[in-house]
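The values are calculated or read from the model by the stated rules, or taken from the named source; none is laboratory data. None of the values given here were measured: they were computed from a predicted structure. Virtual Cβ from ideal backbone geometry, glycine too; neighbours counted across all protein chains shown. Side chains are part of the model used for accessible areas, which takes the heavy atoms of the whole protein and leaves out ligands, DNA and RNA. Shrake-Rupley method; radii C 1.70, N 1.55, O 1.52, S 1.80 Å.
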Amino acid sequence: MIIMSVDLGKARTGIAASDNSESFAFPKKVITEYNEEKLINKVCDSAKELEAELIVVGFPKNMDGSEGSRAEECKAIAKKITEQCSIKTVMWDERCTTISAHTALNYTNTRGKKRKEVVDAVAAVIILEDYLNFRKNSK
């Protein structure tokens, strides 16, 4: 099954997808959209294009595990994605994924404009890899 992950941001949203065997996660794109309705449409279009059967949405919990206002916003958007795409969504803890994405980009010496263009897709990959490892280890 192809699983797609979404790293929601205020301006940029990263998209990643797994292979059919759920072994690898690949960065697919970054959607630049401020309007929530248009963003949801673009996420659904991406899911159709990638033939995703499940969507993992990054859940930005606070470092103490509590849920802040952004976590509530992400839950609401995930619910709308499920309703509009008719694809199940799963909320997945995304604490520190953007930091990890920046670290990964440091290793590849990706800087400046190029870094800004890909960091959200890399964060979506990290979210998806974590979820895929969970699925594999819970079987």
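Here are some notes:
To keep it simple, each residue is scored yes or no on (1) more than 17 Å from C74 (Cα to Cα); (2) of a type in the set (F, W, Y); (3) in contact with a strand residue (DSSP E or B) (Cβ under 8 Å, 6 or more places away or on another chain); (4) buried (at least 21 other Cβ atoms within 10 Å of the Cβ).
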position	(1), (2), (3), (4)
I2	yes, no, yes, no
A11	no, no, yes, no
A17	yes, no, yes, yes
S21	yes, no, no, no
K29	yes, no, yes, no
E36	no, no, no, no
N41	no, no, no, no
E49	yes, no, no, no
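- For the stretch 1-30, the set of residues classified as among the aliphatic types (A, V, I, L, M) and not in a strand (DSSP E or B) consists of M1, I2, L8, A11, listed by residue number.
- Residue within the stretch 57-72 that is in contact (Cβ under 8 Å) with a residue 24 or more places away in the chain and part of a helix (DSSP H, G or I) present: no
- Extreme residue, most open to solvent (accessible area, probe 1.4 Å), among residues of the stretch 101-123 that are closer than 18 Å to A17 by Cα and either at pLDDT 90 or above or not aliphatic (A, V, I, L, M) (or both): E117
- Residue in the stretch 51-80 that is least open to solvent (accessible area, probe 1.4 Å), counting only those that are more than 20 Å from R12 (Cβ to Cβ), at pLDDT below 95 and not charged (D, E, K, R): G65
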